[in-house]
1. Output the residue which, of all residues in the range 71-86 that are closer than 20 Å to residue 131 by Cα, in contact with a helix residue (DSSP H, G or I) (Cβ under 7 Å, 6 or more places away or on another chain) and without any contact (Cβ under 8 Å) to a residue 60 or more places away in the chain, is surrounded by the most Cβ atoms within 10 Å (Cβ to Cβ).
2. Starting from the range 180-198, take each residue that is without any contact (Cβ under 8 Å) to a residue 12 or more places away in the chain and at negative phi and list its partners that are part of a loop (DSSP other than H, G, I, E, B) and surrounded by fewer than 16 Cβ atoms within 10 Å (Cβ to Cβ), counting only C-beta distances under 9 angstrom and pairs at least six apart or across chains.
3. Take residues that are surrounded by fewer than 18 Cβ atoms within 10 Å (Cβ to Cβ), out of contact with any helix residue (DSSP H, G or I) (no Cβ under 6 Å at 6 or more places or on another chain) and modelled with pLDDT under 95 and tell me which of the helices (runs of 4 or more DSSP H) falling wholly in the range 87-199 contain 1 or more.
4. On the basis of being over 14 Å from the mean Cα position of the chain (by Cα) and closer than 11 Å to residue 21 by Cα, does residue 111 make the cut?
5. Quick one: would you say residue 66 is buried (at least 23 other Cβ atoms within 10 Å of the Cβ) and within 18 Å of residue 139 (Cβ to Cβ)?
6. When the range 16-45 is examined, which residues are found to be at pLDDT below 95 and under 18 Å from residue 127 (Cα atoms)?
7. Out of 15, 44, which single residue is touching a residue at least 60 places away in the same chain (Cβ under 8 Å) and surrounded by fewer than 24 Cβ atoms within 10 Å (Cβ to Cβ)?
8. Here are some residues: 58, 50. Which one is surrounded by fewer than 24 Cβ atoms within 10 Å (Cβ to Cβ) and touching a residue at least 40 places away in the same chain (Cβ under 8 Å)?
């Protein structure tokens, strides 16, 4: 069963309007967590839509533009590092998803979410393990969330160029850890994350 057939099988169960929801940025040491909610048109397929982690950056950008152009509805929610530190990354992820869902102009009959459940949303939900590899709607949301977050991290690079956020997007790469060790955390680093909290002191002045 391909990703679009999966969604169609759910429509045949009586759910005419499906929204897929996914996030990007739960794991990085810096930057926001971003979620997207996408309602695709049931009678139109976008070739190439699949799990964003399996798509090149260039193709993700192309698919992002097409999804934004032809999707019935798209909502995006962003929660920054300061809030992540206050409420923890899981709750921040759910908050970003909540914000993405309520931003949509249309109310779906069912929400397909990649492995999570959002208690604050009173719409039928189906948490799906590895949903971005099964559902076209979730895959489309994963692309929107990933591209949106990557673009934000490129913007942060212009503010904090010493960390090279444009390259690693805040993930715990060796280059990122080396720069964290040298400069210490900046305002968009997640101070509650162990890899940041456990850095040796003192930090070098930036």
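1. The qualifying residue surrounded by the most Cβ atoms within 10 Å (Cβ to Cβ) is 77.
2. Note: pairs meeting the criteria are 197/191.
3. Details: elements: 89-103, 136-159, 165-168, 174-183, 194-197.
Result: 174-183, 194-197.
4. Values: over 14 Å from the mean Cα position of the chain (by Cα): yes; closer than 11 Å to residue 21 by Cα: yes.
Here the answer is yes, as residue 111 does meet what is asked.
5. Working: buried (at least 23 other Cβ atoms within 10 Å of the Cβ): no; within 18 Å of residue 139 (Cβ to Cβ): yes.
No: the conditions fail for residue 66.
6. 16
7. Details: 44 fails: touching a residue at least 60 places away in the same chain (Cβ under 8 Å).
Going through 15, 44 in turn, the sole match is 15.
8. Details: 58 fails: touching a residue at least 40 places away in the same chain (Cβ under 8 Å).
Going through 58, 50 in turn, just one is surrounded by fewer than 24 Cβ atoms within 10 Å (Cβ to Cβ) and touching a residue at least 40 places away in the same chain (Cβ under 8 Å): 50.
The values are calculated or read from the model by the stated rules, or taken from the named source; none is laboratory data. These numbers come from a predicted model, not from an experiment. Note: ideal-geometry Cβ built from the backbone for every residue, glycine included; neighbour counts use all protein chains shown.
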